[in-house]
Amino acid sequence: MTSDLEPLYLGFDLSTQQLKALSISPDLTVAYEAKVDFDADLAKYGIKNGVHIHEAEREVVAPVAMWLEAVDLVLERLKRSGMDFRRVMGISGAGQQHGSVYWSQMAEQLLAELDHERSLVSQLPEAFAHPWSPNWQDASTQAECDSFDVGLGNADDLARVTGSKAHHRFTGPQVMRFHKKHQEAYRRTKRISLVSSFLASIFLGRVAEIDISDVCGMNLWDIAKGAWSEPLLKLAAGGNDDEAANLRDKLGTVRVDGGGSMGSISPWFVARYGFSPICAVTPFTGDNPSTILALPLRPLDAIVSLGTSTTFLMSTPNYVPDPSYHFFNHPTTSGLYMFMLCYKNGGLARERVRDSLPTTSEEQSVSNTVTGDDPWVTFNALAASTPPLGRYTSGDPAKLGLYFPLPEIVPNVRAGTWRFTLQANPTAPPTETTQGWNLPQDDARAIVESQILSLRLRSRNLVLPPSPSLPPQARRIYLVGGGSTNPAIARIVGELLGGAEGVYMLNVGGNACALGAAYKALWAMERGGKKKLQDHAGGDDQTFEALVGERWTEEGKVRLVDQGYRRGVWEQYGDVLGAFEAIERRVIETE
Ligand code: XUL
């Protein structure tokens, strides 16, 4: 180790709209942080919300050069905040999942010979066979998804082998389209990285391996065999064996161990920013796998991320794949898996309802005096005062809706709003109608219920009874993201999903993903204890959960926001799960 300076561990989060960097001390306290906002800082790339959209083909891409420039900029900002880079003993990072980067033949040499007097972006244009990275929001690959879904038999078979059925954004279908659409660029491509391994490569000074968790977002990795799926490689590469072998070379080997060191940081960072030459680059992973590392998450605890989109994450020892959700290898702990649901419609859909609600002048003045300009006052008041399922008396029909201002992934359905009522007799089918609805007011509770009902429906086979007297549910539910501060949403999450030990807000200032990356770097280097850290070998002794669990204190990091399970209410929602499934099916069938 460099002298007796206290070590720091540095985590990056390369997301759609920004690059964040955050360093922690060994006791897990955040020491320094900085960020680059693509739209605000790098508008010259002509992006909006970090991407370019080509509407006609439903194509969404991000400029790779912008990310390179962001790396320099974020490190400059960290330096200005006073961080001494010599202290950094390990770095890790998280990347938006599924995106791919296409390196040229020149990449390795250019990465190895960077001149510290010059920026990354000025030296690496020739390192890429294609200047764009297909983004997770891309929806241009329907034809390729259709081929993937029948590639191994049917969508169930694909989900069983790779953890997911085919999705537009998954890298296998994306590579298949790239191969057809950009033949020349594909031919010039020497290596293909995911966004996470691309960022790791920059720090490593050579193309880094893809990690064992993020690789599951490709529809190309056979999870049970722990190997690339040969038939799927062949499919993505255009159907012949030589092309499949060539694609395997482009993708390289996969790093099975989520910890340890992949190598020392590239000399460019040492000379330009003063990093120690022995600072280790540890494996980088996807943003969702990294988010579950922001706390010592126990199996059967769940994270609900209430951002622009909604994601539901759980760590579980059981691999129970199904086409309606995703399974990934856990990023640090072999034998565990990450279960994920990922929706396109989340915060934006709730905002649409919020903005449609009438504001009485009385409410407006309460909002201004009590809460400043909180735009959620009316929405929250309505969501909290409406009884579960909009049923004022036990004989009232239940109100159920689907609210998708954007085309949805779960289920795969076009944009639209649908409202139903369900008679008290549970065997009666739901009726599509707005009769009995008090609109738009009833939408406030119904939209939150609808989003959370979908989570409950799809996670119900993965949870267990936390104690003999309780029905199957998560133990703790942690809320993260913008919506996590909303008390009305927290209460509905508790009423509907339960949470035997309650619903908590993870209070980490929107940094869960970068924090997870920093914790991962720390664990990667310190899991073998002091001795191995000094030898700079990284260890292999302590699990992530054990090491971070030992140092983690809840104080200031989590806050109880709802009691969770309420007997009777949780069961009422359980009674309408079948009807909710039926209305989804009905909507899909009418497409
Ligand atoms: C997950 C997904 C998004 C991206 C960007 O499947 O597509 O959550 O990882 O955050």
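At a threshold of 8 angstrom on Cα-Cα distance, excluding pairs fewer than six apart, so keeping six or more, what relative contact order does the chain reach in percent?
The value is 15 percent.
Per the helix-only calculation at 222 nm, which mean residue ellipticity applies to the chain, given -39500 (n - 2.57) for every DSSP H run of n ≥ 4 and division by its residues, nearest 500 deg cm²/dmol?
Value at 222 nm, helices only, nearest 500: -10500 deg cm²/dmol.
Give the aspartates and glutamates reachable from Lys180 as a straight Cα distance under 13 Å; neighbours fewer than 8 places away on the same chain don't count.
Glu144, Glu243
Tell me, in nm to one decimal, what length is gained between Asn425 and Ser81 on full extension, where the rule is 0.36 nm per residue of separation less the Cα-Cα distance?
Full extension from Asn425 to Ser81 adds 117.6 nm.
Might you work out the accessible area of Cys145 for me, using a 1.4 Å probe with all protein chains in place, and round it to the nearest 10 Å²?
Ignoring ligands and nucleic acids, Cys145 comes out at about 10 Å².
Just to be sure I understand the model, the point goes 7 Å from the Cα along the line to the Cβ. What's the resulting Thr434 to Thr590 distance in nm?
Calculated label separation equals 1.3 nm.
Taking the simple approach of a point 7 Å from Cα along Cα-to-Cβ for both Thr485 and Ala40, what is their distance in nm?
It is 1.5 nm.
Can you list the GluC sites (Glu not before Pro) in region 405-464 that are in a DSSP coil and have 11 or fewer other beta carbons within 10 angstrom?
Sparse-neighbourhood loop GluC sites (Glu not before Pro): none present.
Carbon and sulfur atoms: what percent of the 1.4 Å accessible area of region 286-430 do they account for?
Answer for region 286-430 is 54 percent, counting heavy atoms of protein chains only.
If you filter region 37-127 for trypsin sites (Lys or Arg not before Pro), then keep DSSP loop positions with at most 15 other Cβ within 10 Å, what is left?
The qualifying sites are Arg58, Arg118.
Mind checking which lysines have their C-alpha under 21 Å from Lys44, skipping anything on the same chain fewer than 8 residues away?
Lys20, Lys35
Gain in length, Leu5 to Ser356, computed as 0.36 nm per residue apart minus the alpha-carbon separation, to one decimal in nm?
120.8 nm
Which loop-located trypsin sites (Lys or Arg not before Pro) does region 217-279 contain, where loop means any DSSP state but H, G, I, E or B and the Cβ has at most 14 other Cβ atoms within 10 Å?
Hits after loop and neighbour filter: Lys225.
At 7 Å along Cα-to-Cβ for each site, give me the label-to-label distance between Arg460 and Gln142 in nm.
3.1 nm
So for the chain, taking the charge dipole from beta-carbon charges (+1 Lys/Arg, -1 Asp/Glu), which of Ala56, Trp136, Ile303 sits furthest toward the positive end?
Ile303
From the residues Phe170, His182, Met218, which one has its Cα farthest along the dipole of region 115-268 in the positive direction, the dipole being from +1 and -1 charges on Cβ of Lys/Arg and Asp/Glu about the Cα centre?
So the residue furthest toward the plus end is His182.
Give, as ranges by residue number, the residues of region 440-472 whose backbone N falls under 11 Å from the point 7 Å along Cα→Cβ of Asp575.
Answer for region 440-472: none.
Calculate, in nm to one decimal, what Arg58 and His182 gain on full extension: separation in residues at 0.36 nm each, minus their alpha carbon distance.
43.0 nm
Quick one: accessible area per residue over the chain, 1.4 Å probe, rounded to a whole number of Å²?
Result: 38 Å² per residue.
As an exercise, take the mean of 1/r over every pair of distinct alpha carbons in region 1-148, invert it, and state the Kirkwood radius in angstroms.
Working: mean 1/r = 0.0584 Å⁻¹.
The Cα-based Kirkwood calculation yields 17.1 Å.
Determine ³J(HN,Hα), in whole Hz, for all residues of region 509-524 in sequence, where each value follows from phi through the Karplus function 6.51 cos²θ - 1.76 cosθ + 1.60 and θ = phi - 60°; x replaces Gly and Pro.
x, x, 9, 3, 5, 5, 5, x, 5, 5, 4, 5, 4, 4, 4, 4
What is the dipole size for region 201-283, taken about its Cα centre, with +1 at each Lys and Arg Cβ and -1 at each Asp and Glu Cβ, in debye to the nearest 20?
Once rounded to the nearest 20, the dipole reads 340 debye.
The values are calculated or read from the model by the stated rules, or taken from the named source; none is laboratory data. The shown structure was predicted, so the numbers you read here are calculated from the model rather than taken from an experiment. Every residue, glycine among them, receives a Cβ derived from its backbone with ideal geometry; neighbour counts consider all protein chains shown. Side chains are part of the model used for accessible areas, which takes the heavy atoms of the whole protein and leaves out ligands, DNA and RNA. Shrake-Rupley method; radii C 1.70, N 1.55, O 1.52, S 1.80 Å.
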